[in-house]
1. Work out how much length L116 to Q12 would gain on full extension: take 0.36 nm times their residue separation and subtract the Cα-Cα distance, in nm to one decimal.
2. Identify all aspartates and glutamates with a Cα-Cα distance to K9 below 16 Å; exclude those on the same chain that are fewer than 8 residues away in sequence.
3. Find the accessible area per residue for the range 30-127; the probe is 1.4 Å, ligands and nucleic acids are left out, and the unit is Å².
4. Roughly speaking, what is the stretch gain from D84 to R64, that is 0.36 nm per residue apart minus the C-alpha to C-alpha distance, in nm to one decimal?
5. For the ranges 111-122, 90-101, 66-77, 28-39, what's the packing order if you count other beta-carbon atoms within 10 Å of each residue, average per peptide, and put the highest first?
6. Whole percent per 10 Å bin, from 0 to the bin with the longest distance: what is P(r) over all C-alpha pairs of the range 47-125?
7. Can you list the residues, at least 5 places off or on another chain, whose amide H is less than 5 Å from the amide H of T34, using H built in the peptide plane?
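The values are calculated or read from the model by the stated rules, or taken from the named source; none is laboratory data. On a predicted model such as this, the values are computed, not experimentally measured, just so you know. Cβ placement follows ideal geometry from the backbone for every residue including glycine, while neighbour counts extend to all protein chains displayed. Ligands, DNA and RNA are stripped out before the accessible areas are found, and what is left, the full protein with its side chains, is counted by its heavy atoms. Shrake-Rupley method; radii C 1.70, N 1.55, O 1.52, S 1.80 Å.
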Amino acid sequence: SSDLPHVVKATQGLKNLEVDHLPTLVVLHDSLETPPMALTKPKRNVGPQGHNGLRAVEKALGTRDFWRIGLGIGRPLGGKSRGDGITEWVLGDIKSDSDERIFWEGEGVAAIRRYLDQIAETSARPE
């Protein structure tokens, strides 16, 4: 639910965000539908697609006019719903010696930076 304490706390500051800053706001979020060590292309003005954190951001901002990039975490084997260990999977730690951890500390950060550069270029162009 979007009423989880950490989600509420994380979105409280968004309520005071200037509307002019929304076109450059980028939210990084986990993506169960994206394979581990992959990113979704940046998207703007789309719905939360079942993601409670994105739903909470939309609610706090009162708009969908912000960028989002999904960081692939995949699904646990056999995981299709909360009862299948999804919550534990999403909120669990990445093992320090795992390929995923190594990726997100290196290549993953570089990929995110490339997308942020693209967003900055897009946002700098007059509409």
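1. 35.1 nm
2. Straight-line reach from K9, under 16 Å: E58.
3. Spelled out: the 1.4 Å probe surface of the range 30-127, per residue, equals 66 Å².
4. Contour length minus the Cα-Cα distance gives 4.2 nm.
5. In decreasing order of mean packing, 111-122, 90-101, 66-77, 28-39 become 66-77, 28-39, 111-122, 90-101.
6. That works out to 14, 33, 39, 13, 1, in percent per bin.
7. I73, G74
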